[in-house]
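This report concerns only the one structure given below.
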Amino acid sequence: MHHPVSRSRLVLALAAATMAACCAGAGAAEVLVTAAQLLDVRSGKMLADPQVLIRDGRIVGVRQGAANGFAAGPATTHIDLPGMTLLPGLIDMHVHLDSDPAYGGYNALEFGDRFWSVLTVPHAAKTLDAGFTTVRNVGSDAWNDVGLRQAIDEGKVRGPRVVTATYAFGATGGHCDSTFFPPSMKQASPYNADGPEAGRKAVRELRKYGAQVIKICATGGVFSRNTEPGQQQLSLLEMTAIVDEAHQWGLQVAAHAHGASGIKDAIRAGVNTIEHASLIDDEGIALAKKHGAWLSMDIYNTEYTQAEGKKNGVLEDNLRKDREIADVQRNNFRRAHAAGVKMVFGTDAGIYPHGDNARQFATMVRYGMSPLQAIQAATLNAAEALASKDVGVIEAGRYGDMIAVAGDPTRDVRVLENVAVVIKGGELVKGAK
């Protein structure tokens with residue numbers, strides 16, 4: 001028989017449960033992290049004997065030396081990392097967590113649509129364990145990145161903070177369209193934008209369903225069919241309408257743009273980050289400096305695609321395009337950096353294996369950056385490009401996201417390829433149990 005509970009008794013029971021939950025979590029709400037040294041990514045200086053106090057997931061303060069340290073209470077969790085170097089959690093500005101490089105060309109058709117949704121879970125865990133506590137997922141299918149973000153935020157699966165673009169879109173027949181099938185199969189992106197108003201509508205609908213950044217395809221690409229990287233595929237008028245609409249809603253815009261003309265029109269349209277930027281010319285470099293556009297250049301992944309692509313089913317035409325732009329892109333990275341263009345760290349993970357993101361640091365150094373500049377591209381610069389004051393720096397007010405490595409990454413950036421400890425929001429998610 002059902003016995004109704006009085007409203008007053010129910011309120012008291014809920015209050016007691018809430019108080020118990022608060023008390024139970026109080027012991028883990030404050031975390032003190034200590035290490036041998038900490039890299040201040042603003043100044044480039046190493047701070048000896050740092051203490052970082054985190055409360056409720058955010059950094060309260062940073063101090064140096066035991067004499068000037070924080071007075072930890074009995075409920076404070078102490079994460080001591082002797083001999084280790086602390087850095088902010090790393091940020092990859094260009095990933096595709098529902099893509100797996102092991103399945104190229106038509107091989108992906110062996111699997112059902114939800115296969116790719118499931119793969120986001122191990123990919124996210126590998127990315128987090130590699131030290132990347134924030135990523136920008138610039139294009140996915142079937143809202144996979146939104147579902148992943150929500151599951152991570154709810155604590156259901158392990159992964160980094162995910163900034164979601166949902167569907168990347170462009171012109172009919174362009175790089176972001178479905179280009180591998182005959183007319184009888186009627187395959188097309190649901191968000192092809194032919195004309196300024198179609199672009200505006202795509203922005204509105206994608207934002208409605210979870211886009212936190214807008215990703216467009218301004219030019220042809222490498223891993224699509226019947227497009228060439230240098231071809232411009234959205235007009236200046238179309239891109240301007242898309243950018244205006246996105247900015248009106250408070251969203252940043254990223255543009256896939258390999259070709260010189262598409263890069264320049266994307267910058268003129270007000271795009272925030274240029275992805276790939278492989279064939280950028282002198283005028284494009286000057287425009288990027290003038291307008292403050294960020295370049296996100298994936299200059300490592302060709303090592304993987306050329307070695308493993310054919311085995312994975314990638315078509316020869318795609319591998320040909322990959323070969324043709326590889327060294328051009330890397331040399332243009334050097335030129336753009338030397339000219340003072342703003343750069344962020346973006347790998348295109350998903351074209352090569354997730355979790356190997358940090359291998360790009362050494363390539364960035366090889367092509368002109370100092371180790372510190374490469375690290376800043378994945379921390380301070382990336383946070384600025386995200387318009388975020390929550391990540392990218394170990395300082396008061398930001399999330400308690402940090403990593404620890406053995407050695408000094410400003411001397412040997414390859415130590416970032418072996419991250420020993422990952423802390424996200426003050427929670428130890430890898431290492432140092």
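The values are calculated or read from the model by the stated rules, or taken from the named source; none is laboratory data. From a predicted model like this one, the values you see are computed outputs, not experimental measurements. Using ideal geometry, Cβ is built from the backbone for each residue, glycine included, and neighbour counts are taken over all protein chains shown. Side chains included, ligands, DNA and RNA excluded: accessible areas come from the protein's heavy atoms. Shrake-Rupley method; radii C 1.70, N 1.55, O 1.52, S 1.80 Å.
Residues in segment 49-82 that are free of Cβ contacts under 8 Å to residues at least 24 places away in the same chain, loosely packed, with under 11 Cβ neighbours inside 10 Å and not in a loop (DSSP other than H, G, I, E, B): how many?
Residues flagged as free of Cβ contacts under 8 Å to residues at least 24 places away in the same chain, loosely packed, with under 11 Cβ neighbours inside 10 Å and not in a loop (DSSP other than H, G, I, E, B) within segment 49-82 amount to 3.
Just to verify a result, which residue in segment 365-393, among those that are closer than 20 Å to R330 by Cβ and of a type outside the set (A, V, I, L, M), is surrounded by the fewest Cβ atoms within 10 Å (Cβ to Cβ)?
Only one residue fits best here, namely S370.
Any idea which residue in segment 305-315 is nearest to I91 (Cα to Cα), counting only those that are in a helix (DSSP H, G or I) and open to solvent by less than 50 Å² (accessible area, probe 1.4 Å)? Explain how you work it out, then say what you get.
The first filter runs over segment 305-315 and keeps only residues in a helix (DSSP H, G or I), leaving 305-312.
Going one step further and asking which of them are open to solvent by less than 50 Å² (accessible area, probe 1.4 Å), we end up with 305, 309, 312.
Values: T305: 22, G309: 26, N312: 28 Å.
In this case the residue turns out to be T305.
Tell me the residue from D356, D348 that is farther than 16 Å from T410 by Cβ and within 12 Å of the chain's Cα centre (by Cα), please. Steps first, answer last, please.
Numbers: D356 fails: within 12 Å of the chain's Cα centre (by Cα).
Criteria check complete, one pass: D348.
How many residues are part of a loop (DSSP other than H, G, I, E, B) and either β-branched (V, I, T) or open to solvent by 10 Å² or more (accessible area, probe 1.4 Å) (or both) if we restrict to segment 278-300? Full working, then the answer.
Narrowing segment 278-300 to residues part of a loop (DSSP other than H, G, I, E, B): 278-281, 292-293, 297-300.
With either β-branched (V, I, T) or open to solvent by 10 Å² or more (accessible area, probe 1.4 Å) (or both) added as a condition, the list becomes 279-281, 292, 298-300.
Of the residues in segment 278-300, 7 are part of a loop (DSSP other than H, G, I, E, B) and either β-branched (V, I, T) or open to solvent by 10 Å² or more (accessible area, probe 1.4 Å) (or both).
Across segment 343-361, what is the number of residues that are without any contact (Cβ under 8 Å) to a residue 60 or more places away in the chain and open to solvent by 10 Å² or more (accessible area, probe 1.4 Å)? Quick ask: steps written out before the conclusion?
Of all residues in segment 343-361, those without any contact (Cβ under 8 Å) to a residue 60 or more places away in the chain come to 343, 359, 361.
When the remaining residues are screened for being open to solvent by 10 Å² or more (accessible area, probe 1.4 Å), the result is 359.
Residues flagged as without any contact (Cβ under 8 Å) to a residue 60 or more places away in the chain and open to solvent by 10 Å² or more (accessible area, probe 1.4 Å) within segment 343-361 amount to 1.
Looking only at segment 116-157, which residues are without any contact (Cβ under 8 Å) to a residue 24 or more places away in the chain and not in a helix (DSSP H, G or I)?
E154, G155, K156, listed by residue number.
If you go through segment 245-260 one residue at a time, how many are in contact (Cβ under 8 Å) with a residue 40 or more places away in the chain and more than 23 Å from the chain's Cα centre (by Cα)?
Result for segment 245-260: 0.
Tell me, which residue of segment 394-404 that is buried (at least 22 other Cβ atoms within 10 Å of the Cβ) and aliphatic (A, V, I, L, M) is nearest to L47 (Cα to Cα)? Talk me through it step by step, then tell me what you get.
Filtering segment 394-404 for residues buried (at least 22 other Cβ atoms within 10 Å of the Cβ) gives 394, 399-404.
Add one more test, that the residue is aliphatic (A, V, I, L, M), and what stays is 394, 402-404.
Numbers: I394: 12, M402: 15, I403: 15, A404: 14 Å.
This residue is I394.
Rundown of residues vs (1) crowded, with 24+ Cβ neighbours inside 10 Å; (2) farther than 30 Å from R323 by Cα; (3) touching a residue at least 12 places away in the same chain (Cβ under 8 Å), yes/no style:
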residue	(1), (2), (3)
T164	yes, no, yes
Y167	no, no, yes
A171	yes, no, yes
P196	no, yes, yes
R204	no, yes, yes
I214	yes, no, yes
T219	yes, no, yes
